[in-house]
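Here is the structure we will look at, set down as C-alpha cells.
Bear in mind that the values in this text are calculations on the coordinates, not laboratory data. The structure presented is a predicted model; accordingly, all values stated were derived computationally and were not measured. Note that we place each Cβ from the backbone using ideal geometry, even for glycine, and neighbour counts take in every protein chain shown.
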Amino acid sequence: MSNVVLYMSVSVDGFIAGPNDGPGQGLGVGGECLHDWLSSGGVDPASHRPVGGPSATVFDELMATGAVITGRRTFEFAGGWDGDHHDGVPIFVLTHAAPAEPAPGHARYVTDGIESCVAQAKAAAGDRDILLHGAAVAQECLRTDLLDEMELQLVPVLLGQGRRLFEGLVFLTCRPSATRRLQTTTDTSERVRPRRSRCREHRVDPEVGAVA
C-alpha cells in the first residue's frame with residue numbers, strides 16, 4: 001500500500017523558505033541555501049539530481065513516487081513543473097477554487113478537500129508512494145492524520161523568518177527510524193515520520209559532506 005511522504009528541505013529553526021517567497025523566488029530571500037544538497041537545474045525537477053552518493057539515493061526515492069500532491073501556491077511558484085513533475089505521474093493540486101484555465105499537462109485541480117485529494121492520489125499511485133509538496137498541504141495532512149512519513153533534509157542554517165513547516169500545529173511527536181548522511185558541503189538532511197508512524201532522519205555533516 002502506498003504512503004504519503006513529505007520530502008522537504010528545512011532549516012534548523014523550522015523554515016522551508018525565507019521571507020518574500022513568490023514566483024521566481026520560491027525559496028524566498030536567503031532560502032536558496034536549503035537546496036545546496038541538490039544540483040543546479042531548471043524547471044524540470046530531474047535536472048536537480050545530485051551527482052551520486054546518499055544525496056542521489058534520497059533524490060531517486062522521491063522521483064520514484066507514483067503521484068504528486070501539492071498546494072496551488074507551491075504549484076504556481078514552481079511554474080507547474082511544465083505539467084510534468086516526473087515520468088508523467090499525475091499531479092493533484094489542492095485548491096479552494098480551480099482557475100478558469102485547466103491545469104497543464106498531467107496536473108489536475110482538486111477542490112473537495114485533502115481527504116479526496118489523498119484518495120485520488122492513492123488510487124493513481126498504485127503500490128508506489130505519493131510525493132507531498134508544500135507546507136500548507138503538509139499541515140493539512142498532519143491535522144487529518146493522512147501523512148505517513150516525512151523525509152526532511154535538515155540544513156544547518158538559521159533563517160529566522162519566512163515560511164515555517166509546522167506553523168499552527170499544536171503538537172507533533174515523531175521518532176527517527178533511519179538516518180543517512182547526504183553528500184553536500186553545508187547541509188544536513190533528516191528523515192522523520194509523524195507520531196503514529198515511523199520517523200526517518202538524514203543528517204548532513206558539513207565537514208565531511210555526508211548524511212549521518
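Mind ranking 86-98, 66-78 by how tightly packed they are, going by the mean number of other C-beta atoms within 10 angstrom, highest first?
Ranking the peptides 86-98, 66-78 by packing returns 66-78, 86-98.
Let me have the relative contact order for the range 16-80, percent, based on Cα pairs under 8 Å that are six or more residues apart.
29 percent
Place a point 7 Å from the Cα of Glu115 along the Cα-to-Cβ direction; which residues of the range 142-163 have their backbone N under 13 Å from it?
Counting backbone N atoms under 13 Å from the label point, the list is 144-146.
With only alpha-carbon atoms in the gyration tensor, what are the semi-axes of the equivalent ellipsoid for the range 1-140, in Å, largest first?
Computed over the range 1-140, the values are 23, 19, 14 Å.
Return the distance in nm (one decimal) between the two label points of a simple spin-label model at Asp60 and Arg108, each offset 7 Å from Cα along Cα→Cβ.
Modelled inter-label distance: 3.1 nm.
For the range 27-76, what value does the Rg/Rh ratio take when both radii are computed over Cα atoms and Rh is the Kirkwood radius, given to two decimals?
0.98
About its Cα centre, what dipole magnitude does the range 105-148 give when the only charges are +1 on Lys and Arg Cβ and -1 on Asp and Glu Cβ, stated in debye to the nearest 20?
In total the dipole reaches around 160 debye.
Once both labels are modelled 7 Å past Cα along the beta-carbon direction, what's the Arg49-Ala123 spacing in nm?
Inter-label distance under the simple model: 3.2 nm.
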